[in-house]
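Since the structure comes first, as structure tokens, the remarks are kept for the end.
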Amino acid sequence: MRRLLTGCFVTLLLLLNTLVLFGPLMVFALLKLVLPGRFRDYASWAVMWIAETWAEIDKLIFHLCIPTQWVIRGGDDLQITQAACELFKRQPVTVFNYLEGTRFTAAKSTRQQSPFSHLLKPKAGGVAFVLAAMGEQLDAILDVTVVYPQQPIPGFWDLISGNVPRVIVDIKTRELDPALWQGDYENDPVFRQTVQNWVNQLWIEKDRRIDALRAGRR
């Protein structure tokens, strides 16, 4: 009963936060479409401020209402990334790439004959596109691995009802070789294989890292 009440209460708070901030966010998002020049930048900053406030309030709700222990490793990497973001003088930007494309399940792993114990096969096309478009503006990427030590992997309701005792978030900085965006991924099979080999090596290391984290090794 306690978990049910916790889950309902957290859901209510998240909905209230969304209802309060979604309207102002949409107003400034629409203003971006019609305002000229510098005023458009101001509207963009307002959108980002509201979005960040939205996320921070959600974090506070989770912190106050849910007993989950979040083990986040790699604070130095986060500071390095914040410094790197100074490259974006007018508009800060964050690009996320989910290389598996979907959630891991044993059935999906078997169906695609994944060679990894904890991961599906990565799709290199998305990251290749980002590197081709923004490679010269990036000097590193953050490799983030989220591990749930308990089995089975919990769902969202488990999280908001306080049924997830511990989550490990492991963060590593990966240096980028300019050769990764100095080619034509779509039309050059040699370059495409180079990028795919790089991604596969990341996945080999990530799979081993998950084994180590589950075993309690740093």
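Taken together, the values in this text are just the output of simple stated rules run on the coordinates, not laboratory data. Everything numeric here is computed off the predicted structure, so don't read it as measured data. Ideal geometry is used to build each Cβ from the backbone, glycine not excepted, and the neighbour counts take in all protein chains shown.
Below is a table of values for the structure above.
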| quantity | calculated |
| --- | --- |
| Lysine pair number, Cα distance threshold 26 Å (strictly under), the chain, separation 8 or more or different chains | 11 |
| Computed [θ] at 222 nm, helices only, for the chain once each DSSP H run of length n ≥ 4 contributes -39500 (n - 2.57) | -18500 deg cm²/dmol |
| Correct option for Cα extents along the principal axes in Å [calculated from the coordinates] among [x] 67, 40, 30; [y] 78, 40, 33; [z] 54, 52, 34 | [z] |
| Region 1-65 shape via C-alpha gyration tensor axes, a/c threshold 1.5 | prolate |
| Relative packing of peptides 101-107, 25-31 - highest average C-beta neighbours within 10 Å first | 25-31, 101-107 |
| Alpha-carbon centroids, region 176-218 and region 9-44: separation in whole Å | 36 Å |
| Additional length obtainable on full extension of the chain from L16 to E136, 0.36 nm per residue less Cα span | 39.1 nm |
| Estimated inter-spin distance, D207 and S117, nm [label 7 Å along Cα→Cβ] | 1.0 nm |
